[in-house]
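What follows is one structure encoded as structure tokens, with my remarks underneath.
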Amino acid sequence: MTPIEGAGLVALLAVVLYAIFGGADFGGGVWDLLATGPRAREQREAITHAIGPVWEANHVWLIFAVVVLFTCFPIAFADLSVGLFPPLTIALVGIVLRGAAFVFRNYATDEARLSTTLTVVFGVSSLIAPFFLGDAAGSLASGRYAWLSPFALSIGLFGVVLCAQVAAVFLLSEVPSGAVHDDFRRRTIRVTLALWLAGLIPATIALVSEPRLLAAFERPYVLAIVSVAMLAGILVMILAARGANNLTRFAVGLETIAILAAWFAAQAPDIVPGRYTYMDAASPASTIVAFLIAVACGAVFLIPSLVLLFAIFKRPIPAPPPH
């Protein structure tokens, strides 16, 4: 494996980790906005308990992805920063509003009107951030930076539904039993079906207006990765229905990895389709090697710290004692 290929795999890893962990946070905000019925309050409390201790730590993967890009592929970083400035800026505004509203809401419990307003801001911004991150990905994949094109907007919708699916699956383990658990189990199955429908929209648009991208996805190895994603989606529904919460998490993680791997594989060897290949945009080999060494050394400290964080705070909500 060359240093450039290693840097590309590190970039994919960063995007995957942010899609899973950051996506679960975004999806939690989506379900917070959609909480309804007599258990709406309990649903929001479960989401707050799940997100609260770790939501800031999950954004480390977004920062890491940006660092990989501007260190190892600076030419592509400059091009993306200009071409995708509008959707990425809107996504960043959504991330900031979301974090502020989430924190302030927890201190506004005595002010019902303010708490309700912050809940709406938290939920809406949880839609905005993944939508425009997905839109940016779709715009990049098209090779035209057409972030208002139907294809890019459809990928934005797909990103929101994917985050909602990941969050619903993760919440199954956060609430191991009871009526709220059953709510999220049903939502897991329904949102997985919705993800398939959301995936048909960009596929249909690509048939009409994105022949280059469609041809890239017709490569045998890309089709194989897409098939893995579809099979993982089926597993998510089966395992959720059977109550296998930990295996359901594994399946949704596999599905997310396969979706993003298919995107990277379809673009390869281009990092910016039609503009730059990984080779064209790469830093000098010595820079990339030094960066990979730094990543390996940093992982020695980062990974155990994150494991400890999750081990301490990510525990199931205990069942309430009987009256």
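The values are calculated or read from the model by the stated rules, or taken from the named source; none is laboratory data. Owing to the predicted nature of the structure, the values given are computational and were not obtained by experimental measurement. Don't worry about glycine lacking a Cβ; one is built from the backbone with ideal geometry, like all the others, and counts go over all protein chains shown.
Could you go through the range 76-87 and let me know if any residue there is in a helix (DSSP H, G or I), farther than 28 Å from L306 by Cα and touching a Ser or Thr at 6+ places or on another chain (Cβ under 8 Å). Yes.
Being free of Cβ contacts under 8 Å to residues at least 40 places away in the same chain, of a type in the set (S, T, Y) and part of a helix (DSSP H, G or I): is that true of T204 here? Yes: the conditions hold for T204. Pairs meeting the criteria (first residue in the range 243-260 and without any contact (Cβ under 8 Å) to a residue 24 or more places away in the chain, second residue buried (at least 23 other Cβ atoms within 10 Å of the Cβ) and basic (K, R), beta carbons under 9 Å, at least 6 apart or on different chains) are lacking. Within the range 284-297, is there a residue that is at pLDDT 85 or above, over 17 Å from L9 (Cα atoms) and aliphatic (A, V, I, L, M)? Within the range 284-297 (the criterion being at pLDDT 85 or above, over 17 Å from L9 (Cα atoms) and aliphatic (A, V, I, L, M)), the answer is no, since none of the residues qualifies.
Could you please let me know if P38 is over 18 Å from the mean Cα position of the chain (by Cα) and not in a helix (DSSP H, G or I)? Let's see the steps before the verdict.
Values: over 18 Å from the mean Cα position of the chain (by Cα): yes; not in a helix (DSSP H, G or I): yes.
Yes.
Restricting to the range 267-301, and then to whatever is of a type in the set (S, T, Y) and over 24 Å from the mean Cα position of the chain (by Cα), can you tell me which residue is nearest to P74 (Cα to Cα)? Even if it seems obvious, please write down each step before you answer.
Residues of the range 267-301 that are of a type in the set (S, T, Y), as a first pass: 276-278, 283, 286-287.
From the residues that got through so far, the ones that are over 24 Å from the mean Cα position of the chain (by Cα) too are 276-277, 283, 286-287.
On the way: Y276: 11, T277: 12, S283: 7, S286: 14, T287: 11 Å.
Top of the filtered list is S283.
Considering F250, F264, the condition of being among the hydrophobic types (A, V, I, L, M, F, W, C), at negative phi, under 20 Å from the mean Cα position of the chain (by Cα) and surrounded by fewer than 17 Cβ atoms within 10 Å (Cβ to Cβ) is satisfied by F250 alone.
Of the candidates F122, F64, the single residue that is buried (at least 19 other Cβ atoms within 10 Å of the Cβ), among the aromatic types (F, W, Y) and in contact with a Lys or Arg (Cβ under 8 Å, 6 or more places away or on another chain) is F122.
If I ask for residues that are within 20 Å of the chain's Cα centre (by Cα) and either among the polar types (S, T, N, Q) or surrounded by fewer than 22 Cβ atoms within 10 Å (Cβ to Cβ) (or both), which ones from the range 138-152 would you list?
Going residue by residue through the range 138-152, those that are within 20 Å of the chain's Cα centre (by Cα) are 138-142, 147, 151-152.
Scanning the range 138-152 gives S139, S142.
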